[in-house]
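Below you'll find the structure, written out as structure tokens, and then a few comments.
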Amino acid sequence: MKALTTGLDEKPLSWSLQFTLGDWNNHATVRTSHHDYQLPPDVQQQLLTRFWFPPAFLPYLAHPAIEAAGTDVMHRLSACHLVHFLDYTTLLEHRIVNRAVETIIHGELPAYVPPRMKNAALQLYTDEGYHALFSNRLAEQIAKLYAIAERPVMPLRITRLNALIARTPENSRPLAWFLLGFVSETIIARELLDVCRESLVSSVSDMLRDHLADEARHSRYFSEVFHYLWLTLNGRQRVFAARTLLDIIVTFFEVDERWLKQSLRGARIADSAICEILDSATSVGARRQRARNGAVATLDALSKAGFFALPNNLKLFARAGLIDE
């Protein structure tokens, strides 16, 4: 096979990409974990010192109206957030990430797929199915515990990602699907790493840590495949990829306003406080800061692939506030 080049200086690129998930048989959660992800019998006792979801990731919990409502309300809102996150994860793994993986497995991308890359993609597909299973299993238990009945059939983010694909020209859709998977997997690995540092209910902690162990490998794999793919794209495809990547990253950090309003009203938070919370969360500055902080691993992978060596890409992402020019 011809030596790959950066497409910028036409010098061979020195790298050693493995296109594997490591020793998958002995490390993948679906093969090795013994956790059953059942809520512990002493869950209420654990909640005296632990959380459903880290409060630092839910800044609205610091609003005076919520603090005044007390610990039980805070736990309910955290549980609602976790259920929403798990429902979203279940759909993300099945409908978005595994569709992205299919573009690798079935040769839909505009690049040769080495056998090792395809084999790892098949393993990753299996992992994501298991992640959907344990996410759904835990979500159902927490929803039952708190009698959470109003759960969106389709979270806003999934709807918007599907809309992005729908408006993409058909001949570019496989590439767009892959880019969705790349952004998703590099973002979620960082999110899980941060979340797992907190003291959470034991079964939630077990599930998130198992998920993180897999996603750390998935993030590396998708970063390698993106690097490999980027070098094969022509100028037109690179322009499309750059614009699509920016749209995807922005979408991943939008707030689901309708769901959040519903969650807060379910906890009987006053409408005036809800308006203040939503205004703060949806401001341009807040959106940009979430994206800039949350997409660090994605932006690093882009940089290592030579993406920002193209001045237009640098300017595009700088104007969006994701990087410094």
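Each value in this text was obtained by applying a stated rule to the coordinates, not by laboratory testing. On a predicted model such as this, the values are computed, not experimentally measured, just so you know. Glycine also receives a Cβ, built like all others from the backbone with ideal geometry; neighbour counts cover every protein chain displayed.
Overview of values
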| item | result |
| --- | --- |
| In degrees, nearest ten, helix 173-195 long axis to first principal axis of the chain (Cα) | 50 degrees |
| Among 309-319, 32-42, the order from most to least packed when residues are scored by Cβ within 10 Å on average | 309-319, 32-42 |
| Distant-in-sequence amide H partners of Val113 (H built 1.01 Å from N, under 5 Å) | none |
| Lys pairs under 29 Å by Cα in the chain, provided they are eight or more residues apart or on distinct chains | 9 |
| Packing-based ranking, highest mean first, of 287-300, 90-103 given that Cβ atoms within 10 Å are counted | 90-103, 287-300 |
| Square roots of five times the Cα gyration tensor eigenvalues for the chain, Å | 36, 24, 16 |
| Inter-label distance for Asp300 and Asn312, nm, one decimal - labels placed 7 Å from Cα along Cα-to-Cβ | 2.9 nm |
| Distance between the stretch 41-77 and the stretch 265-307 - C-alpha centres, whole angstrom | 20 Å |
| Whether the stretch 162-276 is rounded, prolate or oblate, judged on the alpha carbon gyration tensor where a/c under 1.5 counts as rounded | oblate |
| For Leu200, residues with placed amide H under 5 Å, excluding near neighbours | Phe51 |
| Crossing angle, helix 202-230 versus the chain [Cα axis fit, 0-90 degrees, rounded to tens] | 20 degrees |
| Value of Rg/Rh across the stretch 197-244 [Cα atoms, Kirkwood radius] | 1.28 |
| Length gained when the stretch Ser272-Asp36 is fully extended (0.36 nm per residue, less Cα-Cα span) | 80.8 nm |
| Cα-based Rg and Dmax for the stretch 250-325, where Dmax is the largest Cα-Cα distance (Å) | 16.4, 51 |
| Sequence ranges 18-28, 49-59, ranked by mean other-Cβ count within 10 angstrom, highest first | 49-59, 18-28 |
| Relative contact order of the chain, pairs being alpha-carbon contacts under 8 Å that are 6 or more residues apart, as % | 24 percent |
